[in-house]
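Participant: Take a look at this one; I'll ask things after.
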Amino acid sequence: MNTHTHYEVIGVGFGPSNIALAITLEEEAPGTRCLFLEKAACSQWQAGLLLANSDVQNHPLRDLATPRNPRSHYSFTNYLFEKNRLFEHLNMGLYYPYRYEYRDYIKWAAEHFDSSVEYSTAVTDVVLLSGNNGSMLFQITTDTGKVLTCNNLVMATGRTPFIPTVLNAVAPHSLVHGAAFNSIIERIETGEVRSVAVVGGSQSAIEIMLYLTSTFPKVTVHGVSRKFGYRLKDSSPFTGEVYFPSFVDVFYDSKAQHKQRLKDDLNLTNYSASDADVLDELYRTLYRDKHFGHNKLSVHNCVDIVSAVMIDSTVSLELMTAHSDEAITSVEVDLVVSATGFRDMGPLEHQEMCPPLLNTLYAHMDKNELGEMQVGRDYRLALVDCNNAGLYLNGLCESTHGMGDAGSLSLVSIRAKQIVESIQRLRAQAVSIAPCLKEEA
Ligand SMILES: Cc1cc2nc3c(=O)[nH]c(=O)nc-3n(C[C@H](O)[C@H](O)[C@H](O)COP(=O)(O)OP(=O)(O)OC[C@H]3O[C@@H](n4cnc5c(N)ncnc54)[C@H](O)[C@@H]3O)c2cc1C
């Protein structure tokens with residue numbers, strides 16, 4: 001039970017990014033008074049989409065600690081050792097571990113910090129306060145009625161799911177984002193949902209289609225994608241260097257137009273593309289489905305969804321092919337799964353100007369002419385007239401720090417170290433902070 005109301009560090013969210021931060025604080029800044037607030041009831045990495053037998057998309061040693069400290073207690077290797085599975089695991093010869101096992105590893109690591117985490121606690125508001133000695137603090141309000149303050153706030157809430165505006169007309173009951181797919185499985189099991197359209201060309205989209213066709217052979221599945229065909233992930237070891245810590249410097253230091261070129265070039269390492277094993281499996285499933293005349297799986301590639309309308313409880317998607325203005329088909333389903341990714345920071349349609357929880361603080365942020373927040377290399381947001389309070393984005397900086405940031409676990413440990421070092425620099429500069437405050441925002 002945490003009885004303090006003021007902390008040096010408060011972390012919002014306790015997924016991999018802030019678990020890695022907790023580990024780094026323990027190993028490199030012991031004694032730091034910190035608290036983590038997590039809205040879920042326990043650690044559950046990507047609970048909304050954890051399909052049986054799917055594997056993780058990063059090398060297992062690029063875990064919560066190893067790249068920063070290969071001798072850490074919290075490495076994946078030590079997890080296997082402590083669980084008495086090291087030899088069996090190595091003997092399996094898997095390059096990527098199963099996701100359920102990696103989820104268990106993340107939970108195992110998280111449980112070491114139970115005394116510093118409040119689960120079932122969502123942060124609902126963040127404001128900036130000024131003390132009577134010129135210092136600034138963050139005041140955090142939770143849905144459990146707590147009001148806390150801190151010198152450093154580390155936001156690791158994960159990205160906001162992106163759903164294309166053309167799907168706005170779909171009733172909420174008939175639409176789910178891919179990351180929350182597990183929430184509708186019961187409705188499929190009970191027979192309430194008998195047909196599903198899976199929109200998008202990501203690994204998640206393919207995995208959802210495979211799961212549906214193999215687990216629920218009576219359900220009709222439509223894959224809908226804008227690309228000519230589902231694409232292979234770029235897994236060249238040369239492009240894989242995008243997940244090197246040194247690439248973060250290259251990307252961060254690039255001008256906006258060069259960043260865009262790099263993004264376009266590197267997109268297929270993580271987005272709108274899948275690993276060969278699941279693509280091959282989907283192709284074979286489609287082939288078998290046609291051969292046996294089941295007609296339960298169809299793929300609509302190279303199409304735009306031009307409208308979505310509800311006809312009673314059925315969703316009708318109108319599709320137009322990219323190579324003809326006239327060819328329109330429609331697909332009628334009980335449910336649409338939008339496996340269409342997440343919002344990055346920025347002004348474009350599929351982006352957002354700041355994490356929704358920081359909307360109140362947006363007015364205090366230093367911004368460029370496009371209204372974009374200014375994020376330091378140390379993941380710290382620049383605040384106007386506020387040099388001594390640290391507001392950090394942990395796992396939300398793909399726009400500024402590149403592909404290895406939001407969409408991947410591979411750099412969480414290194415990023416956590418850079419945030420902790422920044423907090424230590426602020427601590428060294430700090431004048432004593434008196435908890436005598438007046439509200440500023
Ligand atoms: C389905 C899926 C599969 C993925 N698979 C891989 C993979 O195989 N390999 C890989 O490298 N990356 C993968 N990723 C990328 C993923 O972003 C990272 O793996 C990792 O989850 C990022 O960790 P995080 O802590 O930044 O965010 P998250 O894991 O999203 O955690 C954010 C946490 O913040 C909590 N939270 C949110 N809002 C609040 C609030 N207001 N108050 C309190 N708590 C809050 C949430 O409950 C959640 O626990 C996957 C992502 C998804 C969506």
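Where a number appears in this text, it was derived from the coordinates with a stated rule and is not lab data. Predicted model only: the values in this text are computed from it and were never measured. A quick note on method: Cβ atoms are made from the backbone with ideal geometry, for glycine too, and the neighbour counts reach across all protein chains shown.
Participant: Report the Rg/Rh value for the chain, based on alpha-carbon coordinates and the Kirkwood definition of Rh.
Facilitator: Details: Rg = 23.0 Å, Rh = 23.4 Å.
Answer for the chain: 0.98.
Participant: Let me check I've understood the local charge: for His294, count other residues with C-beta under 12 angstrom from its C-beta, Lys and Arg +1, Asp and Glu -1. What total comes out? Intermediate values should be presented prior to the final figure.
Facilitator: Values: positive: Lys218, Arg288, Lys290, Lys296; negative: Asp289.
Charge balance near His294 sits at +3.
Participant: How much mean residue ellipticity at 222 nm does the chain get from its helices, if each DSSP H run of length 4 or more adds -39500 (n - 2.57) and you divide by all residues, to the nearest 500 deg cm²/dmol? Don't skip to the answer; put the middle values down first.
Facilitator: Numbers: 11 runs with 116 residues, N = 441.
My calculation for the chain gives -8000 deg cm²/dmol from helical runs alone.
Participant: While we're here: Net charge around Arg377, counting only other residues with Cβ within less than 10 Å of its Cβ (Lys, Arg = +1; Asp, Glu = -1)? It would help to have the intermediate numbers written out before the result.
Facilitator: Values: positive: Arg380; negative: Asp249, Asp253, Asp378.
With Lys, Arg at +1 and Asp, Glu at -1, the neighbours total -2.
Participant: Near the amide H of Lys227, under 5 Å away, which other amide H atoms are found, from residues 5 or more places off or on another chain, if H is placed in the peptide plane?
Facilitator: So Lys227 has HN proximity to Cys302, Val303.
Participant: Near the amide H of Leu297, under 5 Å away, which other amide H atoms are found, from residues 5 or more places off or on another chain, if H is placed in the peptide plane?
Facilitator: So Leu297 has HN proximity to Val221.
Participant: Let me ask something additional. List the DSSP H helices in the chain whose Cα atoms stretch 27 Å or more along the helix axis and whose mean Kyte-Doolittle hydropathy is at least 1.6.
Facilitator: none
Participant: Quote the charge dipole size of the range 221-316 about the Cα centre in Debye, to the nearest 20; the model charges only the Cβ of Lys and Arg (+1) and of Asp and Glu (-1). Write out the running numbers ahead of the final one.
Facilitator: Working: 12 positive and 13 negative charges, 59 e Å.
Dipole size: approximately 280 debye.
Participant: While we're looking at this one, here's another question. Can you give me the long-range amide H partners of Thr124? Hydrogens built in the peptide plane at 1.01 Å from N, cutoff under 5 Å, separation of 5 or more residues or another chain.
Facilitator: Under 5 Å from the amide H of Thr124: Thr141, Thr142, Asp143.
Participant: If you don't mind, another one. Over the range 92-153, what relative contact order in percent results from Cα pairs under 8 Å that are six or more residues apart? Intermediate results must be reported in sequence, preceding the final value.
Facilitator: Working: 55 pairs, mean separation 13.0, N = 62.
Over the range 92-153, the number comes to 21 percent.
Participant: Each residue of the range 177-188 in turn: what ³J(HN,Hα) in whole Hz from Karplus with 6.51, -1.76, 1.60 and θ = phi - 60°, glycine and Pro shown as x?
Facilitator: Ordered by residue, 3J(HN,Hα) equals 6, x, 6, 10, 3, 4, 5, 10, 4, 4, 5, 6 Hz.
Participant: Among rounded, prolate and oblate, which fits the range 290-409 when a ≥ b ≥ c are the square roots of the eigenvalues of its C-alpha gyration tensor, a/c under 1.5 means rounded, and a/b larger than b/c means prolate? Mind showing how you got there, number by number?
Facilitator: Numbers: a/c = 3.02, a/b = 2.63, b/c = 1.15.
Cα axes put the range 290-409 in the prolate bin.
Participant: Moving to a separate point now. Can you tally the net charge around Ser174? Count Lys and Arg as +1, Asp and Glu as -1, for every other residue whose Cβ sits under 15 Å from the Cβ of Ser174. Mind showing how you got there, number by number?
Facilitator: On the way: positive: Arg187, Arg194; negative: Glu192, Asp312, Glu332, Asp334.
Charge balance in the 15 Å sphere: -2.
Participant: Further, regarding this structure: May I ask for the longest run of the chain untouched by chymotrypsin sites (Phe, Trp or Tyr not before Pro) that are loop-located per DSSP and have at most 14 neighbouring C-beta atoms (other than their own) within 10 Å?
Facilitator: 293-441
Participant: Okay, moving on. Given contacts defined as C-alpha pairs under 8 Å and at least six residues apart, what's the relative contact order of the chain, whole-number percent?
Facilitator: Details: 844 pairs, mean separation 100.1, N = 441.
After rounding, I find 23 percent.
Participant: How large is ³J(HN,Hα), in whole Hz, for each residue of the range 337-347 in order, when computed from phi with the Karplus curve 6.51 cos²θ - 1.76 cosθ + 1.60 and θ = phi - 60°, using x for Gly and Pro?
Facilitator: After applying 6.51 cos²θ - 1.76 cosθ + 1.60, I find 9, 9, 8, 10, x, 9, 8, 8, 7, x, x Hz.
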